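Encoded as structure tokens, the structure appears first; notes follow it.
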Amino acid sequence: MKADLRRFKSYPNYKDSGVEWLGQIPAHWAGVRLKRVFSVVNGSTPQSGVPEYWDGETPWVTPEDLGNNEGSQVLSSRRRITTAGYRSCGTSLVPVGSLVLSTRAPIGHLAIAGMDLCTNQGCRSLVFKGKSSRYFFYQVLAARPELESLGQGSTFKELAKDKLEELPIVEPPDDEQETIAAYLGRETARIDALVAKKEQLIELLQEKRAALITRAVTRGLDPSVPLKDSGVEWLGEILAHWEVKRLWHLTPFDRRIMYGIVLPGPHVDDGVPIVKGGDVSARRLRLDSLNRTSPEIEAGYIRSRLRKGDLVFAIRGSIGEVATVPEELEGANLTQDAARVAYTDATHGLWLLFALKSAAIFAKLEAGALGATIRGINIRDLKRASIPVPPLEEQHEIATFLDVQTERTDRLIGTIRDAIDRLKELRTTLISAAVTGKIDVRESAA
């Protein structure tokens, strides 16, 4: 990355900006406060119980909307309000071309208003006082670490209006603003296109991985073996010597499929680790990343304690994720968002993990997911899931085959993700260096 930036010249002369995060800036650039360039407009929320305030024509943008459109224009929002609605709560309409910044949970998402809009209290809008300049979009984008450091609050961090207004920024001459913005627009678009291609490749690899798993756990490894009707409509044909069993038939009588603690309470530093639905993946299921509950609360849920080798299945949150319990989580417990799936000696654990990852089996479970706000799989449906079960020796063969094949795919996906991270880091570094004058992009832009 450093080598990539070495091709740029520096400016002839620099001066101290007096601001740590800006450092040295070109001598002919001005150091100003953000309020010199922008008027900061607070967002707000009208009363939700007043029907005439909602379902109007005006987009009402939240941090979540910004997260979905970060770095681009905001052209839509999940909710819309009426003129009476935004006037009732003291906020005002933000004109197209303004910058919209999330200042609460999280701080720093940034997008350009692609239309006149309003925001909730989790956002503040930056309305240009004079001529708009795309340069300042990149300037605020580069200031994200500084903005995050200015957040205050115990429950959640919020960036106050006065802190935002006093943010030190730099103001190059107008012609340089246009040149820098045009260059960054072209270069970030090129980087974004490369990232998009790599993300598409990851999607293709994941689809191929999923198809391989489904094929192996429903049709086995030998295509010459005769098939029979499974008797399950959505499952179709399976190998003639296989059986179809309910998932609960594969579990020990004394360790049935169940979820865990309904109300685990606040985190307790020296408490019992608990696995939530969002914790369920091979990369996240680690002792150092789990919340903990008090021993007193956990004592009421002895039956849902975990043992090494158990499977945990996310029934809410990251629905359908499955992971094997590592040794370090022996004796940990669950919340109601995850289900423990133990298995008998007649079942190979890794094979069962792949079976539960099968697109065919999960699609059936996911189709029955309930809930409007937070969707979830009914524990009864999970227990009754139909599983095509081969003999134990064949389970071992399928598990070994899929373990090798999926590991290769996962390694390739990991390599691609590392490349994406490097591209994103390059994008961030390039923007920061250009808008603070550490590099002179004028010749490259020309």
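The values are calculated or read from the model by the stated rules, or taken from the named source; none is laboratory data. It should be emphasised that the depicted structure is a prediction, and the values quoted were computed from it without experimental measurement. Reconstructed Cβ throughout: ideal geometry from the backbone, glycine too, with neighbour counts over all protein chains shown. Only protein heavy atoms, including side chains, enter the accessible area calculation; ligands, DNA and RNA are left aside. Shrake-Rupley method; radii C 1.70, N 1.55, O 1.52, S 1.80 Å.
Details
- Short-range pairs are left out: with C-alpha atoms under 8 Å and at least six residues apart, the relative contact order of segment 287-446 is 17 percent.
- Taking 26 Å as the limit for the C-alpha separation, the pairs Lys15/Lys424; Lys228/Lys383; Lys157/Lys197; Lys129/Lys161; Lys357/Lys383 exceed it in the case of Lys15/Lys424; Lys157/Lys197.
- Solvent-accessible area of Val262, all protein chains in place: 60 Å² (probe radius 1.4 Å, heavy atoms, ligands and nucleic acids excluded).
- Relative contact order of the chain, defined on C-alpha pairs under 8 angstrom at six or more residues apart (%): 17 percent
- Relative contact order (%) - criterion: Cα under 8 Å, at least six apart; region: segment 61-202: 21 percent
- Normalised by 2.2 N^0.38 Å, where N is the number of residues, the alpha-carbon radius of gyration of segment 210-361 equals 1.15.
- Converting phi to 3J(HN,Hα) with the Karplus coefficients 6.51, -1.76 and 1.60 and the offset θ = phi - 60°, segment 418-433 yields 4, 5, 5, 4, 5, 5, 5, 5, 4, 4, 4, 5, 4, 4, 4, 5 Hz in sequence order, with x at every glycine or proline.
- Among the chymotrypsin sites (Phe, Trp or Tyr not before Pro) in segment 111-180, those placed in a DSSP loop whose Cβ has at most 12 other Cβ atoms within 10 Å are Phe156.
- Of the GluC sites (Glu not before Pro) found in segment 311-396, those that fall in a DSSP loop while having at most 14 other beta-carbon atoms within 10 Å are Glu330.
- In segment 240-343, the chymotrypsin sites (Phe, Trp or Tyr not before Pro) that fall in loop regions by DSSP, at most 14 other Cβ within 10 Å: Phe253
- Neighbour count of at most 16 Cβ within 10 Å plus DSSP loop: longest trypsin sites (Lys or Arg not before Pro)-free window in the chain: 158-255
- Measuring nothing but protein heavy atoms, the accessible surface of the chain at 1.4 Å probe radius is 49 percent carbon and sulfur.
- For segment 1-51 versus segment 320-341, the gap between their alpha-carbon centres in whole angstrom: 45 Å
- Which label in (i) 1.06; (ii) 1.01; (iii) 0.98 gives the computed Rg/Rh (Cα atoms, Kirkwood Rh): (i)
- For the chain, a crude dipole built from +1 on the beta carbon of Lys and Arg and -1 on the beta carbon of Asp and Glu, taken about the Cα centre, is about 360 debye to the nearest 20.
- Three principal axis lengths of segment 93-158 [C-alpha, angstrom, descending]: 37, 23, 17
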